[in-house]
Amino acid sequence: MGAGFIGCIIMESLAARDPQLTVVEMGDRMVPRMLDAVAGAMLRRWCEARGVRVLTGRRVVAIAAAGEALRVQLDDGQTLEVDALLNATGVRPNIAFLDGSGVAVDAGVLVDASMQTSVAGIYAAGDVAEAVEFGTGLRVVNAIQPDAVEQARIAALNMAGQPAVLPGTFVFNVLDTLGLISASFGQWQGVAGGETAQLLDETRFRYLRLAFAGDRLVGANCIGHTEHIGVLRGLIQGRVRLGEWKDRLLASPLQLGEAYLARGLAMAH
Ligand SMILES: Cc1cc2nc3c(=O)[nH]c(=O)nc-3n(C[C@H](O)[C@H](O)[C@H](O)COP(=O)(O)OP(=O)(O)OC[C@H]3O[C@@H](n4cnc5c(N)ncnc54)[C@H](O)[C@@H]3O)c2cc1C
């Protein structure tokens, strides 16, 4: 239940045991919070070619015992009889205990750039915190390990009396689904008024989509292009001004490495 990041990781280890697998996802595609429609469809095709049945746009509404098996009812009226059901529908901060404490919460515990909550002297970091996002300035819960570590470091410095700020929580994910690597960075959906470049090779399961705002790369989705993952992160997180390299990337997205050498490293020095 759930074709998100965790569902796909679990699918990888289950598939090694060669069971009959069905994945049910309520979104209109696989990994909808990380991949656009083209990438989600490509991942689906990859999984189906490896014998996984993928049901999207459907929600599990009831689970009942049926002898040794489980009967799983979907919202389209379909019923699946299964040996085991794995729940991979995501994590949510457990913050109800803060009711009435004065610590402001939304989806998570709201923190400022120093990781301090609305109550002076109380800090939050990691999966429970809702911190300002690097690209948009909006607050998000970004439940990934590197962010948890960095948020905790900033919180600890401030708690120890050494002022430090988080430049913004950075949304990125790299996922291995049955051997196909996909990745998303920053504002991968694109931004209003921005431009995008796309490279698609359906036969070889390779996809790259770059999203620009002005002459900066602000987000990306990719499948199969593992050689560019570090460069994509560097260009986006470094807020690198691409100048004339933006047009070159629009025409030829695979020139990312050259763009980084020409502009990213130039900015760093
Ligand atoms: C299956 C899975 C795979 C993942 N894979 C990746 C990955 O590939 N890459 C990546 O970047 N991230 C991944 N993540 C996310 C990553 O694990 C989290 O972002 C990270 O662990 C967050 O760290 P944290 O310290 O905020 O929370 P946690 O690691 O969840 O630690 C919180 C701890 O607090 C304890 N706790 C909770 N309530 C209380 C309480 N009231 N009193 C005392 N202790 C309490 C919990 O038991 C837990 O040990 C994955 C997560 C899961 C579940």
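Numbers at a glance
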quantity: All positions within segment 228-249 that are open to solvent by 50 Å² or more (accessible area, probe 1.4 Å) and either touching a residue at least 40 places away in the same chain (Cβ under 8 Å) or over 25 Å from VAL38 (Cβ atoms) (or both); calculated: ARG233, GLN237, ARG239, ARG241, GLU244
quantity: Odd one out for GLN198 among (1) within 23 Å of ASN221 (Cα to Cα); (2) part of a loop (DSSP other than H, G, I, E, B); (3) away from the ligand (no atom under 14 Å from the Cβ); calculated: (2)
quantity: Within segment 233-244, tally of residues that are in a helix (DSSP H, G or I) and over 16 Å from GLY194 (Cβ atoms); calculated: 3
quantity: Tally of residues being more than 17 Å from VAL174 (Cβ to Cβ) and among the hydrophobic types (A, V, I, L, M, F, W, C) across segment 186-216; calculated: 8
quantity: Those residues of segment 93-103 which are open to solvent by 90 Å² or more (accessible area, probe 1.4 Å) and in contact with a helix residue (DSSP H, G or I) (Cβ under 9 Å, 6 or more places away or on another chain), in sequence order; calculated: ASN94
quantity: Residue match in segment 46-60 (condition: outside the structural domain of VAL140 (by TED's automatic domain parsing) and more than 30 Å from GLU202 (Cα to Cα)); calculated: yes
quantity: Filtered residues of segment 201-227 (kept if assigned to a strand (DSSP E or B) and open to solvent by 10 Å² or more (accessible area, probe 1.4 Å)); calculated: ASP201, ARG206, ARG209, ALA213, ARG216, VAL218
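One line per residue, one yes/no per condition, for (1) within 14 Å of the ligand (Cβ to nearest atom); (2) at pLDDT below 95; (3) over 21 Å from the mean Cα position of the chain (by Cα):
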position	(1), (2), (3)
ARG92	yes, yes, no
ALA96	yes, no, yes
MET115	yes, no, yes
SER118	no, no, yes
GLY126	yes, no, no
PHE134	no, yes, no
ALA143	yes, yes, no
VAL171	yes, yes, no
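The values are calculated or read from the model by the stated rules, or taken from the named source; none is laboratory data. As the structure is a computational prediction, the values presented were derived from the model and not from experiment. Cβ: placed from backbone, ideal geometry, glycine included. Neighbour counts: every protein chain shown. In case anyone asks, the SASA skips ligands and DNA or RNA and just uses the protein heavy atoms, side chains included. Shrake-Rupley method; radii C 1.70, N 1.55, O 1.52, S 1.80 Å.
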